[in-house]
Amino acid sequence: MEAMLSSSPMLVLTDTSDGGVGQHPANQSGAGEYGSIDLHNIFRSMTKYTTLATSPKEAALGAQLAIKHAMSGRPGPACLLMRSASIGGEVDLESPPFIHDTAGYLNTAKPQAAPADIEKAVEILSQSRRPVIVAGNGVHMAGAHGALQQLAEQWNAPMATSYKGKSAIAETHPLSVGMVGIYGQEAANRAVGDADTVVIVGAKLSPQDTVRERPTVFNPRGQRIIQIDIDDRNAGWTFPVELGLIGDAGSILGQLIEASAEASGSTARNRSEWAGALPNRKQDAGFYEDAGLHTDSSPVLPQRVVRLLQETMPAETVYALDAGNNRTWMAHLFQSQQAHTFFCPGGTAGMGWGLPASVGLQVAYPGRQVVCVTGDGGYMMTVNALSTAMQYNLPIVCVVFNDGALGMVRHHQAPGQYIASEFAETDNAAVARGFGCFGVQVADSRNLADALRDARASGLPAVVDVLIDRGPSPDDWRADLRTAGET
Ligand SMILES: Cc1ncc(C[n+]2csc(CCOP(=O)(O)OP(=O)(O)O)c2C)c(N)n1
């Protein structure tokens with residue numbers, strides 16, 4: 001479900017469990033008839049493609065097609081469901097499947113926009129006085145970070161990201177205004193709100209990103225909107241657009257950069273006031289400022305954990321977030337130092353995503369530190385991933401915001417009426433040590449930096465369990481609670 005809603009290419013290989021334990025014939029296993037569930041429709045409801053193989057030949061061809069579906073166009077999950085006969089059987093050598101190199105099914109050129117539409121986009125940007133770029137997950141998927149930065153610099157345009165697009169550009173870049181939306185930076189919400197032209201690159205624009213469509217942030221009645229997306233259903237979906245450019249974010253940004261060279265220079269004066277005001281505007285909006293970032297205490301303020309992580313971990317560290325308050329603190333207050341360092345669940349943001357994601361990320365980025373940030377609730381849902389990390393020698397660091405509660409849920413319950421949202425006191429570091437991992441619990445923020453360093457130095461999968469102050473709530477600053485009006 002997360003992969004579907006977050007456009008992640010994913011191959012799901014599973015079986016219908018008709019291996020002799022069922023009462024019914026194989027063709028009824030998982031088929032949705034009386035006495036069985038409908039596996040096909042369950043998977044179809046959250047994949048781009050689901051196919052059922054009843055023989056080894058169908059399994060081989062189905063796997064190849066599933067890869068094609070997962071990786072083409074807007075990526076997503078694809079599922080190959082297999083009957084036992086297709087796994088345990090042998091290919092009939094009299095009529096084998098024709099199997100060609102999978103690369104041949106994927107050798108399609110990245111879609112680009114028509115040159116006339118690129119010209120139109122450059123014309124709109126040339127006329128703009130206050131342009132802003134909003135980048136989303138599509139930039140990560142296309143690996144278009146360099147191109148994005150180049151386009152922003154060409155037009156001297158402030159750069160915001162959606163939540164899923166966090167770190168599409170380093171948030172330390174002078175043009176970055178951080179993340180837009182409910183959990184975003186005020187500087188980003190104000191920059192988008194005051195813009196006359198908004199270029200959206202590969203972003204879904206969820207209610208979280210648009211501050212529930214507050215016209216003080218995105219305003220299609222007053223702004224000229226250009227939306228670049230691989231999926232034409234998405235461009236002009238949340239808001240009407242003046243121009244939708246359909247194609248791969250990297251290809252289209254490349255086209256725009258080439259077409260912008262002269263126009264961006266000759267019209268730079270139009271935007272000089274806007275660009276010149278940016279540093280002060282960021283400062284006025286309290287860009288990445290919060291007193292809690294600098295306040296040592298026991299138990300530890302969530303803001304302080306965020307800042308100590310930022311200061312202690314290398315700039316190129318890769319972060320996997322989870323769900324709950326801990327996620328919103330990280331997304332809101334961590335200033336990414338490098339592009340493509342954040343992996344954020346956001347399709348559904350199911351708890352328990354972060355830890356297994358960090359294990360996968362450590363496989364993908366063996367040379368870089370991978371850090372999972374999770375709540376104690378999310379941690380317990382997929383804690384078995386630590387065993388996998390041990391088995392495969394993957395030295396992730398997992399930082400647990402231990403507030404002894406489903407914090408986000410508890411904050412929304414009335415004091416004195418906390419129901420099913422609090423846990424028995426748990427030492428999550430001791431749980432980690434049970435797996436053979438390094439584990440340390442931290443009660444005072446003054447010990448946190450050393451604990452993080454020790455965790456890294458251990459060379460083992462490591463858990464730093466931080467006892468968190470339950471007091472501060474993201475509701476104190478989330479933008480939809482501060483801004484009047486509903487849609
Ligand atoms: C699988 C799943 N169930 C329920 C939710 C709804 N939900 C969102 S945040 C949250 C509480 C998270 O608690 P915890 O992981 O301890 O993090 P905290 O909010 O305390 O930082 C819940 C239940 C969810 N996102 N995913």
For Trp274: the one exception among (1) crowded, with 20+ Cβ neighbours inside 10 Å; (2) outside the structural domain of Asp229 (by TED's automatic domain parsing): (2)
Elements of type helices (runs of 4 or more DSSP H) contained in region 203-315, each with 3 or more residues being within 23 Å of Ala349 (Cβ to Cβ) and at pLDDT 95 or above: 302-312
All positions within region 449-459 that are of a type outside the set (Gly, Ala, Ser) and crowded, with 22+ Cβ neighbours inside 10 Å: Leu452
Flag for Ser264 being under 23 Å from Gly76 (Cα atoms), in the same structural domain as Val139 (by TED's automatic domain parsing) and touching a residue at least 12 places away in the same chain (Cβ under 8 Å): no
Count - residues of region 17-59 that are within 31 Å of the chain's Cα centre (by Cα) and of a type in the set (Ser, Thr, Tyr): 5
Hits in region 390-409 - residues which are touching a residue at least 24 places away in the same chain (Cβ under 8 Å), over 25 Å from Ala443 (Cβ atoms) and of a type outside the set (Phe, Trp, Tyr): Met390, Leu394
Test: Ala420 is in contact (Cβ under 8 Å) with a residue 24 or more places away in the chain and either farther than 30 Å from Ala144 by Cα or within 8 Å of the ligand (Cβ to nearest atom) (or both): no
Hits in region 281-308 - residues which are acidic (Asp, Glu) and within 17 Å of Gln337 (Cα to Cα): Glu289
Glu289 away from the ligand (no atom under 16 Å from the Cβ), within 25 Å of Gly471 (Cα to Cα) and not hydroxyl-bearing (Ser, Thr, Tyr): yes
Some residue of region 332-354 being closer than 17 Å to Ala462 by Cβ, within 14 Å of the ligand (Cβ to nearest atom) and not small (Gly, Ala, Ser): no
Criterion violated by Arg130 - all others in (1) surrounded by fewer than 13 Cβ atoms within 10 Å (Cβ to Cβ); (2) within 35 Å of the chain's Cα centre (by Cα); (3) not aromatic (Phe, Trp, Tyr) satisfied: (1)
Options Val400, Val440: the member that is crowded, with 18+ Cβ neighbours inside 10 Å, within 24 Å of the chain's Cα centre (by Cα) and either β-branched (Val, Ile, Thr) or more than 16 Å from the ligand (Cβ to nearest atom) (or both): Val400
Criterion (among the β-branched types (Val, Ile, Thr), more than 24 Å from Asp476 (Cα to Cα) and in a loop (DSSP other than H, G, I, E, B)) met by exactly one of Ile124, Ile169: Ile169
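The values are calculated or read from the model by the stated rules, or taken from the named source; none is laboratory data. Model, not experiment: these values are computed from the prediction. Note that we place each Cβ from the backbone using ideal geometry, even for glycine, and neighbour counts take in every protein chain shown.
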